[in-house]
Amino acid sequence: MLIRVQAAPINPGDLGLLLGPADLSTLKVTVGKTTAAIPASLLTGVRGRIGQSLAVGVEGAGTVIAAGNDEASQALVGRMVAVFGGAMFAEYRVHRTADVLVLPNGTAASEGASCFANPMTALGMIETMRMEGHRALVHTAAASNLGQILNRICLRDDVQLVNIVRSDAQAGLLRQIGARHIVNTGSPTFTQDLVAALTATGATLAFDAVGGGRLTSQILSGMERAQAASGAYSRYGSSVHKQVYIYGGLATGPTELLRDYGMAWGVGGWILTGFLAKAGPDRVKSLRRRVVDELTSTFASNYTSEISLRDALRPEVIAAYHRKRTGEKYLINPARS
């Protein structure tokens, strides 16, 4: 089917493909092209994509304007659908009928544009918790759009969640939506507050959007202290497994692990597509249906700026959406001039 794209959000995953490790201080426009230099020290990691033209845009929404002759496809002509799978920063997108998510009549493109990446990631985190036998979880960068969605799910499903933020303003934002356990890395009592929250919730699983630095290690240490307080001493540490999944890279430096949390622990990567493959088609279908049913409540996304495809290549706009400030989310509308 042929879809006229009407809205596509700029997600962190899009920035990695769009900008990579480029030095944004070198951004310039020359003969209609926006370019930036990549530091020589970072070139190795992207050498394989040099010279390739790669389409960007994890997800988006738009109207079906043409379809195949089969009845199921023809029934969707004129309907608003959401699409996941890349190349959505475009005016038109060809997609398989079986893979689009049909949105309720009256749904605006902006309401359906972000119904895959953040909602399914948040649901995937909770499903992973259940699949691996944990009873509560921790999330960093918790005041983000994704973090707010995760909070709304946890509040609705009565799941214990420890939110890690980096400022009082972010903590206040989460309190407004009812978050129960919030700890601030900028507080002088962060370590004590983290252990107290982990003790109260029993969380032994964390999803870290930061990646670089010592936060992953601090979370594991806090989990160990919380578990050790309720068990007998062992020189090998608590026997309860503690797991941190890194799913983002807000801090680009090395992940530092200071091993003071026994032997029952793990650190790994987590990505939505990997989870979806593991969960299986029936479970994924159920989760997608929930997103549609709660699209304007639990899974609602707000945007601070709507820009055109041309705007997205202007250096000053690139600098703005690359800052990834809490509460700021950019939406591309290809129909804008």
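Here are some notes:
- Residue match in the range 217-225 (condition: open to solvent by 20 Å² or more (accessible area, probe 1.4 Å), assigned to a loop (DSSP other than H, G, I, E, B) and either touching a Ser or Thr at 6+ places or on another chain (Cβ under 7 Å) or over 29 Å from residue 330 (Cβ atoms) (or both)): no
- Residue within the range 98-105 that is at pLDDT below 90, of a type outside the set (Asp, Glu), open to solvent by 50 Å² or more (accessible area, probe 1.4 Å) and farther than 20 Å from residue 271 by Cα present: yes
- Residue within the range 174-185 that is without any contact (Cβ under 8 Å) to a residue 24 or more places away in the chain, under 19 Å from residue 327 (Cβ atoms) and open to solvent by 30 Å² or more (accessible area, probe 1.4 Å) present: yes
- You will find that of 113, 141, the residue that is touching a residue at least 12 places away in the same chain (Cβ under 8 Å), in contact with a Gly (Cβ under 9 Å, 6 or more places away or on another chain) and over 20 Å from residue 173 (Cβ atoms) is 113 and no other.
- Residues of the range 279-337 that turn out to be outside any loop (DSSP other than H, G, I, E, B), under 17 Å from residue 121 (Cα atoms) and either touching a helix residue (DSSP H, G or I) at 6+ places or on another chain (Cβ under 8 Å) or hydrophobic (A, V, I, L, M, F, W, C) (or both), as a count: 8
- Among (1) buried (at least 16 other Cβ atoms within 10 Å of the Cβ); (2) modelled with pLDDT under 90, the one test that residue 5 misses: (2)
- Restricting the range 141-156 to residues that are within 11 Å of the chain's Cα centre (by Cα) and more than 13 Å from residue 329 (Cβ to Cβ), the residue that is modelled with the lowest pLDDT is 141.
- Pairs, first closer than 12 Å to residue 56 by Cβ in the range 8-27, second part of a helix (DSSP H, G or I), C-beta under 6 Å, six or more apart: 10/321; 11/117; 20/46
- The C-beta contact set for the range 316-337 (first residue open to solvent by 50 Å² or more (accessible area, probe 1.4 Å), second residue assigned to a helix (DSSP H, G or I), distance under 7 angstrom, 6+ apart or interchain) comprises 322/15; 322/24; 324/12; 326/170.
- Odd one out for residue 116 among (1) in contact with an Asp or Glu (Cβ under 6 Å, 6 or more places away or on another chain); (2) open to solvent by 30 Å² or more (accessible area, probe 1.4 Å): (2)
- Exclusive hit being at pLDDT 95 or above and crowded, with 20+ Cβ neighbours inside 10 Å, set 159, 165: 165
The values are calculated or read from the model by the stated rules, or taken from the named source; none is laboratory data. Everything quoted here is computed from the prediction, not taken from an experiment. Every residue, glycine as well, gets a Cβ built from its backbone with ideal geometry; the counts of neighbours run over all protein chains shown. Calculation scope for accessible area: heavy atoms of the full protein, side chains included, ligands and nucleic acids excluded. Shrake-Rupley method; radii C 1.70, N 1.55, O 1.52, S 1.80 Å.
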